[in-house]
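The values are calculated or read from the model by the stated rules, or taken from the named source; none is laboratory data. Not measured: the values here are computed from a predicted model. Positions of Cβ are generated from backbone atoms using ideal geometry, with glycine treated the same way; all protein chains shown enter the neighbour counts. Accessible surface areas use protein heavy atoms only, side chains included; no ligands, DNA or RNA. Shrake-Rupley method; radii C 1.70, N 1.55, O 1.52, S 1.80 Å.
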Amino acid sequence: MAEDPELRRRLDALERRITQLEERDEPGAAPPADAPPAGARSRSTADEDPFWALTAPKAQVPPPGAVVYAGSVEVGAGHVEYQWGRPTEHLLAADWAEHAETVAALGHPLRLAILRRLVDGEHTVAQLVDELELASTGVAYHHLSALQTGGWATSPRRGSWAIPPSRIVPLLAIVTALEKG
């Protein structure tokens, strides 16, 4: 049976990393030359591997790969951790039109302004009207209804609105994806 060169490369890299970790953990072993001085803050993962977010998916998902997004955030609504991913084949075979309403709900500046307030925590319609200087509660309810239909907002109690925790990281991931950079 022929050996897969990509698999061999990945296995060799994994073996090198294991050897490095084992050497660091040996009693009496000298710290690696690039280790920070005792008591100093260690380098971040991003300093060690600028493509750290790609490392795990590339190691775990065979070609043609996958799309993954995740986040661990502290926002006014609280601490939220979320991760989601899909294989490339699934994404390319899916009917993208099924997501049109969800994406369309984000397509108005006022709706984005409402969501920005809701990331900070639950708000009443009266608070949203006041903070965003809206003409009426009717305007607020019109946009909140579109956000609710798109799955971006929910009304946990009468007259009060919030973003479901499972939608906070996806929303922030979309905002991140829209940055020009």
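How do L110, L14 stack up against each other in accessible area, from largest to smallest, with a 1.4 angstrom probe?
Details: L110 35, L14 95 Å².
Ranked from most to least accessible, the order is L14, L110.
If R0 is 25 Å, the Cβ-Cβ spacing of T124 and H99 corresponds to a FRET efficiency of close to 0.25.
Over every Cα atom in segment 41-159, the radius of gyration and the widest Cα-Cα span, Dmax, amount to 18.9, 53 Å. Simple rule: put +1 on each Lys or Arg Cβ and -1 on each Asp or Glu Cβ in segment 67-181, find the dipole, and look at V73, V169, A126; the Cα lying farthest toward the positive end is A126.
Which shape class, rounded, prolate or oblate, goes with segment 57-108 when its Cα gyration tensor gives a ≥ b ≥ c as root eigenvalues, a/c under 1.5 marks rounded, and past that a/b bigger than b/c marks prolate? Oblate shape, in that a/c is at least 1.5 and b/c is the bigger or equal ratio.
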